[in-house]
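The values are calculated or read from the model by the stated rules, or taken from the named source; none is laboratory data. Worth saying up front: this structure is predicted, and the values here are computed from it rather than measured. Neighbour counts run over all protein chains shown; Cβ positions are idealised from the backbone, glycine included. Each accessible area value is taken on the protein alone, full model and side chains, heavy atoms only, with ligands, DNA and RNA left out. Shrake-Rupley method; radii C 1.70, N 1.55, O 1.52, S 1.80 Å.
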Amino acid sequence: LGTITFALLWGIAVLGKAFRVTVTWENNAWLFFVLFLVGFGIQGMVEEVIFRGYLQGKLTKELSQSKAILISALAFAVAHLGNGGISFLGFLNLTFFGVLMSLFRIYTGDLWLAGAFHSAWNFAEGPLFGTPVSGIVGTNVVLGSQSVAAHPLLNGGNFGIEASLLTFGGLILLIAFTYYLGQNYAKKSN
């Protein structure tokens, strides 16, 4: 789901001419591909354990569930403030991404979906499609996506597509859809 979601956003940005895309794959790149796959798998899950597992779990015992979601999502975004190219929209989108991951945790009762979605998103973002991963560059393996300066609302500029208006809209839709499904079909848990 994380890969598909990112691919859809990236595809819309490419159709909007917000990226110049090149193939960067080389036959000897398999080792880097696998190392990035494992690395982003660990990184995404660790961030979810910290922010949705520990922090949100602890806050839910002390505060309302909505306050716990908001605080853990804001803490997640604050943790990225040192990344290159962060903007207000990037910060806001990271907060919304944290809200989405929180809803995944609440409606599934565990961290697996959040961790897998987050890891797959980041892996697609860098090694597969070659965009900055929250401002971090140099992780491209398959494709390279160079941002076109004239389209920062579609490509997010130096921070990457996570700082785009496109991602803002996509996350709002995903949050609304997840909330709807969760309220109507999922068993809530703490």
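Give segment 131-186 a look and list any residue that's of a type in the set (S, T, Y) and part of a helix (DSSP H, G or I), or say none.
Kept after step one, since they are of a type in the set (S, T, Y), are these residues of segment 131-186: 131, 134, 139, 145, 147, 164, 167, 178-180, 185.
Result: T167, T178, Y179, Y180, Y185.
Taking segment 158-190, which residues are open to solvent by less than 20 Å² (accessible area, probe 1.4 Å) and farther than 15 Å from W121 by Cβ? The one that is open to solvent by less than 20 Å² (accessible area, probe 1.4 Å) and farther than 15 Å from W121 by Cβ: G182. Taking each residue of segment 53-82 that is closer than 12 Å to M101 by Cα and looking for partners that are in a loop (DSSP other than H, G, I, E, B) and open to solvent by 20 Å² or more (accessible area, probe 1.4 Å) with beta-carbon atoms closer than 8 Å, six or more apart or interchain, yields G53/L111. Looking across segment 4-36, the residues that are open to solvent by less than 50 Å² (accessible area, probe 1.4 Å) and polar (S, T, N, Q) come down to T5, T24. Would you call F88 under 27 Å from P152 (Cα atoms), crowded, with 18+ Cβ neighbours inside 10 Å and modelled with pLDDT of 95 or more? The answer is no for F88. With respect to the conditions (1) out of contact with any Gly (no Cβ under 9 Å at 6 or more places or on another chain); (2) surrounded by 15 or more Cβ atoms within 10 Å (Cβ to Cβ); (3) among the aliphatic types (A, V, I, L, M), M45 lacks only one, and its number is (1). Counted as qualifying within segment 43-111 are the helices (runs of 4 or more DSSP H) with 3 or more residues that are among the polar types (S, T, N, Q), namely 65-78, 88-108. With respect to (1) under 30 Å from A75 (Cβ atoms); (2) of a type outside the set (K, R); (3) out of contact with any Pro (no Cβ under 9 Å at 6 or more places or on another chain), the lone exception for F36 is condition (3).
Candidates are the residues of segment 135-157 that are open to solvent by less than 40 Å² (accessible area, probe 1.4 Å) and out of contact with any Phe, Trp or Tyr (no Cβ under 7 Å at 6 or more places or on another chain); the one that is nearest to I12 (Cα to Cα) is G156.
Number of residues in segment 112-125 that are buried (at least 24 other Cβ atoms within 10 Å of the Cβ) and small (G, A, S): the value is 3.
Is it the case that segment 58-67 has a residue that's within 21 Å of F168 (Cβ to Cβ) and open to solvent by 50 Å² or more (accessible area, probe 1.4 Å)?
yes
All conditions but one from (1) open to solvent by 50 Å² or more (accessible area, probe 1.4 Å); (2) hydroxyl-bearing (S, T, Y); (3) modelled with pLDDT of 95 or more apply to T108; the one that does not is (3).
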